[in-house]
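> Handing you a structure now.
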Amino acid sequence: MALHYGSPEWHEMYAAARNTIEGFNGYLKDASYEALDQPGRRRVRGYAAQYLFTALLVMSANIRKIRRFLAEAREDADGVVSFARKRKPRRRDRLADFRPDTGRQASGDPPAA
């Protein structure tokens, strides 16, 4: 399905995926664990070695996520396994608040000059 870049339909399709990816990038950069954004933790020369260490750090983060899911997952009466922990409520009301300006005026914004 081809969508016009920047259209409202495009934003609806890709906003959630982008938020998920950016969230995982932040998870990888957590200084308490993988600290992917700290090159001092990967003191080795060469592109291939850096690539290998980055892959290992991503693998480590994935394993950490899987282990947490398995530790906190619960099975309901129908046999469906799901994450039992409730998420914190969002700080914003609408997904549109997270999107970049698409030329539409948001409620409460002053009119454009």
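No lab work stands behind these numbers, since they all come straight from the coordinates. Fair warning: this is a prediction, and the values are worked out from it, not measured in the lab. We place every Cβ from the backbone using ideal geometry, glycine too, and count neighbours over all the protein chains shown.
> At 7 Å along Cα-to-Cβ for each site, give me the label-to-label distance between residue 86 and residue 21 in nm.
Distance between the two pseudo-spin positions: 3.3 nm.
> Let me ask something additional. Just to verify a number: FRET efficiency for residue 62 and residue 5, C-beta to C-beta distance, R0 = 35 Å, to 0.05?
After rounding to 0.05, the efficiency reads 0.70.
> Each residue of segment 32-37 in order: what ³J(HN,Hα) in whole Hz does its phi give by Karplus 6.51 cos²θ - 1.76 cosθ + 1.60, θ = phi - 60°, with x for Gly and Pro?
7, 10, 6, 6, 4, 7
> Find how much the distance from residue 73 to residue 32 grows on full extension, using 0.36 nm per residue of separation minus their present alpha carbon separation; answer in nm with one decimal.
That works out to 12.4 nm of additional length.
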